[in-house]
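Before any comments, here is the structure.
Nothing in this text is a laboratory measurement; each read-out follows from the coordinates by a stated rule. Worth saying up front: this structure is predicted, and the values here are computed from it rather than measured. Cβ sites come from the backbone with ideal geometry, for glycine too, and all protein chains shown count toward neighbours.
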Amino acid sequence: MTDYFNKHTYTLAAEGLKIRDKRFASRQAANEEMYRIVGKLGLQLTNVYDDKHFKTYIFKNGVRIHINRE
């Protein structure tokens, strides 16, 4: 039987950082992990591309973090 309440998953991936791609059950969980990484590394956000289900966060040092709905 399909679980209709959790039918989407979200992946967190990065360019410019050596982190593993991770999958989350909610966008909130993916965002929390991104903020943890950003805080740990002291990255400064410069721009966000929001294409509804696909978000790209661009940081001052050229790092890009993607959170995409699957």
Let me know the charge dipole size of the chain about its Cα centre in debye, to the nearest 20, where only the beta-carbon of Lys, Arg (+1) and Asp, Glu (-1) is charged. 160
According to a simple spin-label model (label point 7 Å from Cα along Cα-to-Cβ), what is the distance in nm between Glu32 and Lys52? 2.7
Percent relative contact order for the chain, counting Cα pairs under 8 Å at least six residues apart, stands at 36
What angle, in degrees between 0 and 90 and rounded to the nearest 10, separates the Cα long axis of helix 27-41 from the longest principal axis of the Cα atoms of the chain? 20
Top positive-direction residue, dipole computed over the chain with Cβ charges, set Leu12, Gln44, Gln28: Gln44
Within the range 1-63, trypsin sites (Lys or Arg not before Pro) in DSSP loop having at most 16 other beta-carbon neighbours inside 10 Å: Lys7, Lys18, Arg20, Lys52, Lys60
With a ≥ b ≥ c taken as the square roots of the eigenvalues of the C-alpha gyration tensor of the chain, please select rounded if a/c is under 1.5 and otherwise prolate if a/b is larger than b/c or oblate if it is not? prolate
